[in-house]
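The values are calculated or read from the model by the stated rules, or taken from the named source; none is laboratory data. For clarity, every value in this text was computed on a predicted model and none was experimentally measured. Please note: Cβ atoms are built from the backbone with ideal geometry, for glycine as well, and neighbour counts cover all protein chains shown.
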Amino acid sequence: MGVRQARARCRDNGVIVVGHPAAPSPRKPFATMTSHANRSVFFVSDGTGITAETFADALLRQFEIRPKRVRLPFVDNADKAHQAVRQINHAAAVDGTRPLVFTTVVNMEVLQVLQQHCQGMLIDMFGTFIAPLEHELGMKSNHRVGRFSDVTKSREYHDRIEAINFTLEHDDGQTNDNLEKSDVILIGVSRSGKTPTSLYLALQFGLKAANYPLIPEDFERRQLPPALLPHKKKLFGLTIDPQRLSEIRHERRPHSRYASLENCRYEVREAEALMRRAGVRVLSTTHKSIEEIATIIRQDLEQIHGGR
């Protein structure tokens with residue numbers, strides 16, 4: 001059975017191929033978050049499952065639910081598919097509602113087992129895109145299990161590993177060596193979000209992101225740390241609301257001067273003034289996620305350097 005034919009059977013087996021319209025069903029009352037407390041969500045793949053989970057997360061964030069999450073990677077033969085089905089069907093029986101099952105499966109034998117025996121709401125994510133892309137590109141896809149493993153042989157993969165190593169070595173100003181090789185250097189007061197943002201830039205975008213703390217000695221001198229002066233064009237400042245900073249620091253060192261609101265106000269005020277005098281771009285992290293902060297920084301870098 002070909003890929004198109006196998007996936008065409010989805011509608012008859014209660015499987016949803018995302019993006020393909022199905023016959024309308026009677027409208028049910030909207031459920032509350034508590035009514036979904038026992039619903040399970042499965043991420044099934046014949047590879048790592050990262051794509052299935054990432055895509056599913058983007059969809060599930062649109063709903064106020066907190067389901068139980070189950071990851072089933074490397075389901076790459078019929079036996080493993082039957083094991084997955086048993087686990088999914090058991091969850092359906094225990095929960096009293098059918099699980100959501102997001103799949104990124106290219107192995108047709110595995111897909112057919114899921115289609116025929118799974119009692120969950122099966123959402124075939126590859127089925128949404130592969131056939132339309134084949135039509136648009138005028139070529140057949142490889143339909144090869146583990147295709148993503150080829151990334152380990154690519155230059156992009158090795159560059160990303162190098163970026164991660166660089167970022168870890170240059171966390172919190174541990175070393176000034178090779179700062180000229182950095183793509184960006186984040187600066188700001190302690191606990192303003194420099195480390196998680198740096199790691200995200202490295203992991204997600206392959207950027208060599210150093211980060212450097214601004215400390216009271218810098219405020220007294222009223223200038224950037226000497227090691228950063230040759231790299232001013234690579235600097236990106238992070239700031240944060242003093243009240244929020246105090247709350248974060250209290251989690252680490254409660255009832256200390258370091259965490260006091262008075263000290264946080266002083267450090268934030270002085271750091272912002274220092275960065276402003278130095279002409280450093282500054283972004284507030286107070287109400288932004290790490291993903292948003294990193295994306296803004298990357299966009300800014302691309303505008304300056306014309307992309308990577």
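With respect to being in the same structural domain as Ile296 (by TED's automatic domain parsing), buried (at least 24 other Cβ atoms within 10 Å of the Cβ) and touching a Phe, Trp or Tyr at 6+ places or on another chain (Cβ under 6 Å), Leu201 falls outside the description. Taking the criterion of being in a strand (DSSP E or B) and within 16 Å of Gln299 (Cα to Cα), the only residue of the range 190-227 that qualifies is Ala209. Just one residue in the set Asn178, Asn165 is loosely packed, with under 14 Cβ neighbours inside 10 Å and at positive phi; that residue is Asn178. Taking residues in the range 217-240 that are closer than 15 Å to Asp183 by Cα, and partners anywhere that are assigned to a helix (DSSP H, G or I) and among the charged types (D, E, K, R), the pairs with Cβ atoms closer than 9 Å and at least 6 places apart or on different chains are Leu228/Lys234; Pro230/Glu180; His231/Glu180; Lys234/Glu180; Phe236/Asp300; Gly237/Glu272; Gly237/Arg276. Residues that are surrounded by fewer than 23 Cβ atoms within 10 Å (Cβ to Cβ), over 14 Å from Asp46 (Cα atoms) and among the hydrophobic types (A, V, I, L, M, F, W, C) within the range 105-122 comprise just one, Met121.
Residue-by-condition table, conditions (1) touching a Ser or Thr at 6+ places or on another chain (Cβ under 9 Å); (2) free of Cβ contacts under 8 Å to residues at least 24 places away in the same chain; (3) under 11 Å from Gly120 (Cβ atoms):
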| site | (1), (2), (3) |
| --- | --- |
| Glu53 | yes, no, no |
| Arg61 | no, yes, no |
| Pro67 | yes, no, no |
| Pro73 | yes, no, no |
| Arg86 | no, yes, no |
| Ala91 | yes, no, yes |
| Leu100 | yes, no, yes |
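Every test in (1) in contact with a helix residue (DSSP H, G or I) (Cβ under 9 Å, 6 or more places away or on another chain); (2) surrounded by fewer than 19 Cβ atoms within 10 Å (Cβ to Cβ) is passed by Phe102 save one, and that test is (2). Among the residues in the range 105-116, are any under 18 Å from Thr54 (Cα atoms) and either in the same structural domain as Asp57 (by TED's automatic domain parsing) or not in a helix (DSSP H, G or I) (or both)? Taking every residue of the range 105-116 in turn, at least one turns out to be under 18 Å from Thr54 (Cα atoms) and either in the same structural domain as Asp57 (by TED's automatic domain parsing) or not in a helix (DSSP H, G or I) (or both).
Looking at the range 252-269, is at least one residue more than 28 Å from the chain's Cα centre (by Cα) and acidic (Asp, Glu)?
First, the residues of the range 252-269 that are more than 28 Å from the chain's Cα centre (by Cα): 253-269.
Restricting the remaining residues to those that are acidic (Asp, Glu) gives 262, 267.
Looking through the range 252-269, at least one residue is more than 28 Å from the chain's Cα centre (by Cα) and acidic (Asp, Glu).
Within the range 180-198, residues that are closer than 11 Å to His231 by Cα reach partners that are among the hydrophobic types (A, V, I, L, M, F, W, C) and part of a loop (DSSP other than H, G, I, E, B) with beta carbons closer than 7 Å, at six or more positions or on different chains, in the pairs Asp183/Leu207; Val184/Leu207.
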